[in-house]
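Report on one structure; see the data block that follows.
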Amino acid sequence: MTPFQHILVPVDFGDAMHPAIDLAVALARKFEGQITLVYAFDPSPFTAMAPLAPQIDVEPLIASAETELKKVLEQLRVQWPKSDSVLRRGLPCDVILQAGKQHGCDSMVVGTHGRRGVARFLLGSVAEKIVRLSPVPVLTVHPLVPPVPLAHGASAA
Amino acid sequence: MTKILIAVDGSARAPGVFRAAANLARAMNAHAVLYRALEASPDFTPPGAAGIDPLPAYLEAKARAQLTSLAATAPDVHCELRIEESLQPWRAILAAADAVRADMIVIGSHGYHGWDRILGTTAGKVANLSHRSVFVVHERLPEGTSGTAPQ
């Protein structure tokens, strides 16, 4: 089966997501696919200190993320109408892999931050974990790479 | 012309990886470089013996036959074949992508189990360290085949 019939694109509202979305749109056009954006809201930074620090109400933060995700989806639908989005709570890697499975996605296009060396070691990389654990093909898009041109015309499938 | 480096090994997953890569190459109207890094073992090829040891030539001929056979399954995709010996295939793949100025690397992954969690995988290292876009194909093995990658 040709991938890119249903592409999952994790978003974090940072710069890295834009090249990934652009490439996903080009692939969806080429393969007449569908795009699902997924945003993972990780509540752990706000709850980890719960016994020591006052509780932080995460609901307004989630509402804000939902608004932001809706904006990204609206912009995406202008380019490719066959798109939807989902917001879930949890660790980003877990949320992304679960969303891919639940939505029946056959591929992922993931923006990377291009961190190297110590920064990558300390911060880890959601993209790297997805590459290792995903059951479907993953296309990582480096932030400094110019967009990959796709041929016009009939589907390559 | 867009160029993609398709890195395969000698395992039963290689045809599936190449099939996915060929589809992408068609979509990108790209020139493909079908690449195989031969994991050279110093145990088999002692220094100075390369000229008389038939093993490297045998392995290269076998790899070339495999790549030729893969390329023949997608005659509409322009494929250049490239084979190199390396002790560390992930380094060789990154170097080859630089050498051919690839826009993208396509590589197969066998998953992430056991020692891979500590040592990492070739695909993981390539995706992690490349400054290019990398398409990692998680190809399942055909039934009844082995996951090992013979030279």
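The values are calculated or read from the model by the stated rules, or taken from the named source; none is laboratory data. Predicted, not measured: the structure shown is a model, and the values here were computed from it. Quick reminder, even Gly has a Cβ in these numbers, built from the backbone with ideal geometry, and neighbours come from all protein chains shown. Heavy atoms of the whole protein, side chains included, go into the accessibility calculation; ligands, DNA and RNA do not. Shrake-Rupley method; radii C 1.70, N 1.55, O 1.52, S 1.80 Å.
Do any residues in the stretch B:15-29 that are closer than 12 Å to residue B:107 by Cα have Cβ atoms under 6 Å from those of residues that are open to solvent by less than 10 Å² (accessible area, probe 1.4 Å) and basic (Lys, Arg), where the two are at least six apart or on different chains, and which pairs are they? Once the first residue is closer than 12 Å to residue B:107 by Cα and sits in the stretch B:15-29, no partner that is open to solvent by less than 10 Å² (accessible area, probe 1.4 Å) and basic (Lys, Arg) comes close enough. Selection over the stretch A:138-157 of residues that are in a loop (DSSP other than H, G, I, E, B), modelled with pLDDT of 60 or more and open to solvent by less than 20 Å² (accessible area, probe 1.4 Å) gives a count of 2.
Counting the residues of the stretch B:98-120 that are open to solvent by 10 Å² or more (accessible area, probe 1.4 Å), at pLDDT 70 or above and out of contact with any helix residue (DSSP H, G or I) (no Cβ under 6 Å at 6 or more places or on another chain) gives 6.
Checked against the criterion of being at the interface with chain B (Cβ under 7 Å from one of its Cβ atoms) and modelled with pLDDT of 90 or more, the stretch A:124-137 contains one or more residues that satisfy it.
For (1) part of a helix (DSSP H, G or I); (2) in contact with a strand residue (DSSP E or B) (Cβ under 9 Å, 6 or more places away or on another chain); (3) open to solvent by 70 Å² or more (accessible area, probe 1.4 Å); (4) within 14 Å of residue B:7 (Cβ to Cβ), each residue gets a yes or a no:
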site: B:55; (1), (2), (3), (4): yes, no, no, no
site: B:59; (1), (2), (3), (4): yes, yes, no, no
site: B:64; (1), (2), (3), (4): yes, yes, yes, no
site: B:74; (1), (2), (3), (4): no, yes, no, no
site: B:77; (1), (2), (3), (4): no, yes, no, no
site: B:80; (1), (2), (3), (4): no, yes, no, yes
site: B:90; (1), (2), (3), (4): yes, yes, no, yes
site: B:96; (1), (2), (3), (4): yes, yes, no, yes
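Taking first residues from the stretch B:121-136 that are farther than 18 Å from residue A:108 by Cα and at the interface with another protein chain (Cβ under 7 Å from one of its Cβ atoms) and partners that are in a loop (DSSP other than H, G, I, E, B) and open to solvent by 10 Å² or more (accessible area, probe 1.4 Å), the Cβ contacts under 6 Å between residues at least 6 apart in sequence or on separate chains come to B:131/A:142. Name the residue that is farthest from residue A:24 (Cα to Cα), counting only residues in the stretch A:64-84 that are open to solvent by less than 50 Å² (accessible area, probe 1.4 Å), at pLDDT 95 or above and assigned to a helix (DSSP H, G or I). It comes out as A:69.
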